[in-house]
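Inspection log for the structure reproduced underneath, given as structure tokens.
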Amino acid sequence: MRYVNIFLIILLTVAVLVFTLQNLTTVTVQFLTLRLTLPLAALIILVYFLGMLTGGAVVSLIRSWLRGSSGQPFEKVSK
């Protein structure tokens, strides 16, 4: 199993390197007044990580909502 993990890590690293080398052209992204020029591969990786961050935040928010809704009901105050 150890060698399978090492092989998968090497395979993923090679795939990322090939992807990066094939996408070295620069692109310009403009948002409002911000203008950013960077390689296409860097932009795709940046967008991927931003998606992971926002997706994780949404999942965390939904989990906290579900935990809050499954809590104990309010205690009734007896007179």
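Key figures
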| item | result |
| --- | --- |
| Every pair of residues 6+ apart whose Cβ atoms lie under 7 Å, when the first sits in the range 1-21 and is within 24 Å of A41 (Cα to Cα) while the second is surrounded by 10 or more Cβ atoms within 10 Å (Cβ to Cβ) | F19/A41; T20/A41 |
| Residue list for the range 17-42, restricted to those being surrounded by fewer than 12 Cβ atoms within 10 Å (Cβ to Cβ) and either on the phi > 0 side of the Ramachandran plot or part of a helix (DSSP H, G or I) (or both) | L17, V18, L21, Q22, L32 |
| Selection status of V14, surrounded by 10 or more Cβ atoms within 10 Å (Cβ to Cβ), at pLDDT 90 or above and touching a Leu at 6+ places or on another chain (Cβ under 8 Å) | no |
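The values are calculated or read from the model by the stated rules, or taken from the named source; none is laboratory data. No experiment lies behind these values; they were computed from the predicted model shown. Here the Cβ is made from the backbone with ideal geometry for all residues, glycine too, and neighbour counts use every protein chain on show.
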